[in-house]
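Everything below concerns the one structure shown next.
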Amino acid sequence: MKHPQNGFTLVEIAIVLLVIGLLLGGVLKGQELIDSAKAKNLAQDLRGIPAMVHAYQDKFRALPGDDPAAVRHLCIGGEACTVVGDGDGVIEGTWDDTSGAETLRFWQHLRLANLMTGSTDTDDPGFLPRNALGGRLGVQRGNGTLGMTGSLVVCSGAIPGKLVRQLDIALDDGDPGRGALRAGSTGDTGLVAVSAANPLEEGNTYAVCASL
């Protein structure tokens, strides 16, 4: 008597492997689309902030944060709704400052001028701007930041290495170690630029800065 054989046929195994392959392909493609959407969102921040700065300059002939007539320009009825800058043409402080500096008042001046949304209360826990990944957004004097020479740079933090290169391809030359957009890791004395000695790693996080 013949006994029936247990197990899968080659055809059944092939079908299962095909289904698994399709599922894996869909997951990978989905992740690629998610990463692309995140990169576009991050790029929009780096494009949008310079436009706000130029709009403020066109309107008040001063830099937000550094505006020496900010109370007159931005406060209703002359009440002190903000702190004026020193008007020296430089936004003083570092991009990730949390108090005091003109780089912090920069956001308050833009919001009081209705050029961006968000709280104007510097004590509000949500006052400090964040990117789509939860990293800080900020501006600072560009002279020397990651080797760049522009007068002002905008920086965005906590960006994974795999998105850094996508950002650089979208906004600059594809090399995060040079050009108008550069990446750096956090060191003891500030940002350390991506270079041959400090190569970009996909699993690490970086701050990306772009010249205005």
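Quick look at the numbers
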item: Average projection area in nm² (convex hull over Cα atoms of the chain, one quarter of hull surface); result: 17.9
item: Lys/Arg +1, Asp/Glu -1 at C-beta; the chain dipole; positive extreme among T9, A196, G93; result: T9
item: Acute angle (nearest 10 degrees) that the helix 10-60 long axis makes with the longest principal axis of the chain, alpha-carbon atoms; result: 10
item: Added length on full extension, which subtracts the Cα-Cα distance from 0.36 nm per residue, V71 to V19; result: 12.2 nm
item: Distribution of pairwise C-alpha distances over segment 105-212, 5 Å bins, in %; result: 2, 13, 21, 23, 17, 12, 8, 3, 0
item: Amide hydrogen neighbours beyond the local backbone of A158, cut-off 5 Å, H modeled; result: Y206, A207
item: Calculated diffusion of segment 126-183, Stokes-Einstein form, Kirkwood radius summed over Cα pairs, 10 °C and 1.306 mPa s, µm²/s; result: 132
item: Size of charge dipole - segment 10-211 - debye, nearest 20, with Cβ of Lys, Arg +1 and Asp, Glu -1, no other charges; result: 440
item: Label point distance in nm, T189-F127, each placed 7 Å from Cα along Cα→Cβ; result: 3.1
item: Taking all pairs of distinct alpha-carbon atoms in segment 151-198, Kirkwood radius in angstrom; result: 11.2
item: D86-H54 pseudo-label distance in nm [points 7 Å out on the Cα-to-Cβ vector]; result: 2.9
item: Rounded to whole Hz, the Karplus (6.51, -1.76, 1.60) HN-Hα couplings of segment 112-124, x for glycine and proline; result: 5, 7, 6, 9, 8, 8, x, 5, 9, 8, 5, 8, 5
item: For V139, distant residues with modelled amide H under 5 Å away; result: C155
item: Acute angle (nearest 10 degrees) that the helix 161-171 long axis makes with the longest principal axis of the chain, alpha-carbon atoms; result: 60
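Quick note: the coordinates plus some simple rules give every number you see, no bench work behind them. Computed from a predicted model, the values in this text were never measured in an experiment. Cβ sites come from the backbone with ideal geometry, for glycine too, and all protein chains shown count toward neighbours.
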